[in-house]
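*Asks:* Got a structure for you, questions after.
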Amino acid sequence: GQLPTWLEGILLRNGPGMHTIGDTKYNHWFDGLALLHSFTFKNGEVYYRSKYLRSDTYNCNIEANRIVVSEFGTMAYPDPCKNIFAKAFSYLSHTIPEFTDNCLINIMKAGDDFYATGETNFIRKINPQTLETLEKVDYNKYVAVNVATSHPHYDSAGNVLNIGTSIVDKGKTKYLLFKIPSSVPEQEKKKSCFKHLEVVCSIPSRSLLHPSYYHSFGITENYIIFIEQPFRLDIVKMATAYIRGVSWASCLAFDKDDKTWFHFIDRKTKKEVSTKFYTDAMLFFHHINAYEENGHIIFDVIAYTDNSLYDMFYLKNLDKNFEENVKLTSIPTCKRFVVPLQHDKDAAVDSNLVTLPSTATAVKEKDGNIYCTAEILCEGIELPRINYDYNGKKYKYVFATEVQWSPVPTKIAKFNTQTKEMLHWGQSDCWPSEPVFVPRPDAKEEDDGVVLTCVVKTDPKDPPFLLILDAKTFTELGRATVNVEMHMDLHGVFIPQQAMKTETE
C-alpha cells in the first residue's frame, strides 16, 4: 500500500516486554520490563526500532540476573534465602514501599520532552528518536503523591494535568490534581517544568485506609471529572505485603455492593462541586471523553461489573490455550453518564433531573444526593482513543480495539456515539493493539486522518506489521511488515514531525 504524503513523525509505543530474568519469572503480564518501540514515518517510508527502557529496575534485575525489584503482581526479595532478620528489617522500611521505575504503560509529553510513564511516582525521560533512556523524575519531589495515572490530559496551552494519590500523611489519604506547565519563565530556562508544578485541588479519599484505584480521569472545558470507584487498595495490607510474602495486587479488592462516586472540580475556582453524584458499583480503567451541554456534564467510560480483567493477565493463565481458557466474566460496556450540574434545586425527590434527550438518568434522593444511571452506547470495546482535538468537547467517534469475551483484541473498531454505527477492521489470526488516530493537517472533519495500530500475528512464524487505515472509511491504506518479534503492548502516542526537537537543540 501507500502512506499519505502528509504522515511524517513517530509513533511511539510502550508495554511489557521481558517476563523472565535468569531463573525467575514475573507473575503478571503487566509486571514485565518495559519495551519501547517506534515507527518513524519519513518520505513515504517506515523505520522500526525497539529498545528496553533502561530503568533502575531493569539495570538491577539484569545485573543480579533475577528479579530483585517488586512489581505490582510480583513481590521480589533482595535476599534469595529471605532470612527472617533481613525480612524484618526490610519490612520496617516498606510501609510505603519504594516503588519501581519500570514505566511500562504510556508516553507523556511535558514541556518539549517525552517520558515513559507507569502508575508509580517515577517517570523516565526518553529520547523519542533513539529510544534512549534519560533521567528519572520522581513526582514526589514536587508533589506528595505515591502513585499517579499514566493517562494525563493536556490543555490548549500544552500544560499537563494529572492526578495522583497521597497516602503519606498519617491516614489523611487524598487524591491530588496537579498541573505541570508546558514552559518555564525565560530567566529559568535551565530549570525543569516540574519545578513549577502546582497542585490544583485536593480531594479527600472517602476511606482513609482504602483509597480508590484509578487509571484515568476526565476533563471538559470547565471541569475535571474524577471517579472514586469501589476498587480499593488496602493500605494496611500493602504495608505488610512484604513480610507476608504476597504481592501488592493482592491488596486490591472490588466491593460489588458499594457505590461509585463522581467528583467534579471546577477548573476556574479549583473547588469541588458540592452536590454528591453517584452510581452503582462499577470498575473501569479508561475514560473515553467528556463534554458539557446545557448545564449537564456528559462523560463516557468503559466499565465492568467485576475485576476479572486484571486476573486474566496472570502469566499462569497466558498459556497456548489462552483464548479458549480465559473468558471475561464481565464484558466491557461503553457507558454514558449525563450529570445535571445545573439543576433545579427545588426539584421533587425521586424526579429525574436530566433534561437532555438520553436514557441516562439522574434521580434526586431525600438526602440531596443524586443517583445516576448510564445510557449503554455499545459493548465489547477497550483501549479507546479519540481525535484529541475534540477532547473535552462534543464528539462523535471512538477508535478502539474490539474484545468481546476474551481480553485479547481481535479487531479494530470505529464507533459513532451519535448514530451507534460501528465499522471494523479484522483478519484471522491477528491481534491489533490500541489504535492511534492521527489527524490530517488542516482537517475540517473529526475523522479526517489515519488510524495506526501494531498487529501481532497469533502464529509466531508470521511477521507482525504496522497497519495504516483511512479513519473515515476504515479501509486499509497500507501496512509495514517488521521482521522481528513484536510484543502486544499497552499505549502509545504519535509525535508529528514539527513537534519534535531537532537533534541539535
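*Asks:* If you check VAL338 against the conditions, is it β-branched (Val, Ile, Thr), touching a His at 6+ places or on another chain (Cβ under 6 Å) and surrounded by 14 or more Cβ atoms within 10 Å (Cβ to Cβ)?
*Replies:* yes
*Asks:* Can you find a residue that is surrounded by 18 or more Cβ atoms within 10 Å (Cβ to Cβ), within 24 Å of PRO441 (Cβ to Cβ) and not hydroxyl-bearing (Ser, Thr, Tyr) anywhere in the stretch 55-66?
*Replies:* Within the stretch 55-66 (the criterion being surrounded by 18 or more Cβ atoms within 10 Å (Cβ to Cβ), within 24 Å of PRO441 (Cβ to Cβ) and not hydroxyl-bearing (Ser, Thr, Tyr)), the answer is no, since none of the residues qualifies.
*Asks:* Of everything in the stretch 465-482, what is assigned to a loop (DSSP other than H, G, I, E, B), touching a Phe, Trp or Tyr at 6+ places or on another chain (Cβ under 9 Å) and not aromatic (Phe, Trp, Tyr)? Give them in sequence order.
*Replies:* ALA471, THR475, VAL482
*Asks:* Which one of these is open to solvent by 10 Å² or more (accessible area, probe 1.4 Å) and assigned to a helix (DSSP H, G or I): LYS172, LYS195?
*Replies:* Only one candidate passes the filter, namely LYS195.
*Asks:* Just for the stretch 99-131: of the residues that are under 24 Å from HIS19 (Cα atoms) and basic (Lys, Arg), which one is least open to solvent (accessible area, probe 1.4 Å)?
*Replies:* Here the residue is ARG124.
*Asks:* Here is a follow-up. Based on what the data block shows, is SER330 surrounded by fewer than 17 Cβ atoms within 10 Å (Cβ to Cβ), of a type outside the set (D, E, K, R) and touching a residue at least 24 places away in the same chain (Cβ under 8 Å)? Full working, then the answer.
*Replies:* On the way: surrounded by fewer than 17 Cβ atoms within 10 Å (Cβ to Cβ): yes; of a type outside the set (D, E, K, R): yes; touching a residue at least 24 places away in the same chain (Cβ under 8 Å): yes.
Here the answer is yes, as SER330 does meet what is asked.
*Asks:* Now, a different point. Within the stretch 133-185, which residues are closer than 26 Å to ASN289 by Cβ, hydrophobic (A, V, I, L, M, F, W, C) and in contact with a Ser or Thr (Cβ under 7 Å, 6 or more places away or on another chain)?
*Replies:* Once the filter is applied, which keeps residues that are closer than 26 Å to ASN289 by Cβ, hydrophobic (A, V, I, L, M, F, W, C) and in contact with a Ser or Thr (Cβ under 7 Å, 6 or more places away or on another chain), the stretch 133-185 yields VAL145, VAL147, ALA157, ILE163, LEU176.
*Asks:* How many residues are outside any strand (DSSP E or B) and buried (at least 23 other Cβ atoms within 10 Å of the Cβ) when one looks only at the stretch 33-54?
*Replies:* Here the count works out to 1.
*Asks:* Among all residue pairs at least 6 apart or on different chains, which show Cβ distances below 9 Å where the first residue, located in the stretch 189-207, is over 25 Å from LYS268 (Cβ atoms) and the second is at pLDDT below 95 and in a loop (DSSP other than H, G, I, E, B)?
*Replies:* Short answer, once both residue conditions are applied: LYS190/VAL184; LYS191/VAL184; LYS191/PRO185; SER192/GLY111; SER192/VAL184; SER207/THR173.
*Asks:* So which residues in the stretch 156-167 are open to solvent by 10 Å² or more (accessible area, probe 1.4 Å) and without any contact (Cβ under 8 Å) to a residue 60 or more places away in the chain, if there are any at all?
*Replies:* Listed by number, the residues that qualify are SER156, ALA157, GLY158, ASN159.
*Asks:* Report, by residue number, each residue of the stretch 132-151 that is open to solvent by 20 Å² or more (accessible area, probe 1.4 Å) and not aromatic (Phe, Trp, Tyr).
*Replies:* GLU132, THR133, LEU134, GLU135, LYS136, ASP138, ASN140, LYS141, ALA144, VAL147, HIS151, listed by residue number.
*Asks:* Sticking with this structure for a sec: Can you name the residue in the stretch 467-490 that is open to solvent by 40 Å² or more (accessible area, probe 1.4 Å) and of a type in the set (A, V, I, L, M) and is also modelled with the highest pLDDT among such residues?
*Replies:* Only one residue tops the list, namely LEU477.
*Asks:* Which numbered condition in (1) out of contact with any Gly (no Cβ under 7 Å at 6 or more places or on another chain); (2) within 21 Å of VAL147 (Cα to Cα) is the only one that ALA249 fails?
*Replies:* (1)
*Asks:* Which ranges mark the strands (runs of 3 or more DSSP E) fully within the stretch 342-436 that have 3 or more residues being open to solvent by less than 20 Å² (accessible area, probe 1.4 Å) and in contact with a strand residue (DSSP E or B) (Cβ under 7 Å, 6 or more places away or on another chain)?
*Replies:* Numbers: elements: 361-364, 370-373, 375-379, 381-385, 397-402, 411-416, 422-426, 430-432.
Here the list reads 381-385, 397-402, 411-416.
*Asks:* Something else: Output the residues belonging to the stretch 208-229 that are touching an Asp or Glu at 6+ places or on another chain (Cβ under 7 Å) and in contact (Cβ under 8 Å) with a residue 60 or more places away in the chain.
*Replies:* THR220, GLU221, ASN222, TYR223
The values are calculated or read from the model by the stated rules, or taken from the named source; none is laboratory data. On a predicted model such as this, the values are computed, not experimentally measured, just so you know. Here Cβ is always computed from backbone atoms with ideal geometry, including for glycine, and neighbour counts include all displayed protein chains. The protein model used for the area step is the full one, side chains on, heavy atoms only, and it has no ligands, DNA or RNA in it. Shrake-Rupley method; radii C 1.70, N 1.55, O 1.52, S 1.80 Å.
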